[in-house]
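Data first, discussion second: the structure below is written as C-alpha cells.
The values are calculated or read from the model by the stated rules, or taken from the named source; none is laboratory data. In this text the structure is predicted, and so the values were computed from the model without any measurement. Side chains are part of the model used for accessible areas, which takes the heavy atoms of the whole protein and leaves out ligands, DNA and RNA. Shrake-Rupley method; radii C 1.70, N 1.55, O 1.52, S 1.80 Å.
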Amino acid sequence: MNYTILIAKLQVLPEEKQAEVFDFVDYLAERFSRRPVDQAYEWSETDFSEFSMAQAMRGLEDEPPLYGESDLKERWR
C-alpha cells in the first residue's frame with residue numbers, strides 16, 4: 001500500500017471527513033485487534049448494527065438541542 005498517496009488524499013478532505021475516516025479506521029483497528037491478523041473478519045448482524053448506529057449518531061452530541069421545554073404543549077405528570 002502506498003501510504004504517501006493515502007495521506008495526500010486525506011489531507012485534501014474537509015476536517016469533519018478526516019475525523020470520519022479516523023473514526024472508521026479506529027473502529028476497524030479495535031475490531032481486528034481482537035482476532036489474529038491472518039483471520040478474515042465476518043461482520044455479524046450485531047457488529048454491523050452497532051457500527052451503523054455509531055456512524056449515524058456520530059457528532060450529534062456536539063449539536064445544540066433543537067427544542068426546549070418552552071416548545072412543549074403538554075407536560076407528562
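Per-atom-type breakdown for the chain gives carbon and sulfur 57% of the accessible area (1.4 Å probe, protein chains only). Within the chain, the proportion of C-alpha pairs whose separation exceeds 19 Å stands at 60%.
When shorter helices are ignored and each DSSP H run of at least 4 residues is given -39500 (n - 2.57), the per-residue value for the chain at 222 nm works out to -17000 deg cm²/dmol.
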